[in-house]
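Rule-based calculations on the coordinates, nothing more; no lab input. Quick caveat: nothing in here was measured; it's all calculated off a predicted structure. Cβ coordinates were reconstructed from backbone atoms using ideal geometry, including for glycine residues, and neighbour counts include every protein chain displayed.
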Amino acid sequence: MRRQFRQDLLITTPPPKPKAKPRKRKNPNKKCDALRLLMRRYISEAGSQNINRDEWAEVCDVHKKTLDRWIYGYPPQDDLIYKIARYLSPKLQRSKIDIHLEICKTLSDWREGS
């Protein structure tokens, strides 16, 4: 025979549901508008038909989606900036160093908040 237990210890109602966590908004500062404008300017100067994104991604050793992110304004890694400049220099008929310095200056100004 089973031993009796106190019935008043049983839960009669379900526990309350936890509050929903507020959604995090994406950080708008993660994208650099100046870099986006600079990359679009480079593409328009070179002529959009002259730029092959598959070839550009292969030269930089990245996926095509990563290249698209750079064009949308997400900053590239520091070691890849020179590869970007190396691809764009013959298309823009400018030196690699000038393009590299321009991208670095744009990113440093953005990181400083000016």
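Annotations
- Long pairs among LYS30/LYS105; LYS24/LYS105; LYS31/LYS64; LYS64/LYS96; LYS21/LYS65; LYS31/LYS83, criterion Cα-Cα beyond 25 Å: LYS24/LYS105; LYS21/LYS65
- Distance distribution note for the chain: the fraction of Cα pairs above 23 angstrom is 45%.
- Relative contact order (%) - the chain, alpha-carbon pairs under 8 angstrom, separation at least six: 28 percent
- Each residue in ARG86, ARG2 was given a count of other beta-carbon atoms within 10 angstrom of its own, and listing them fewest first yields ARG2, ARG86.
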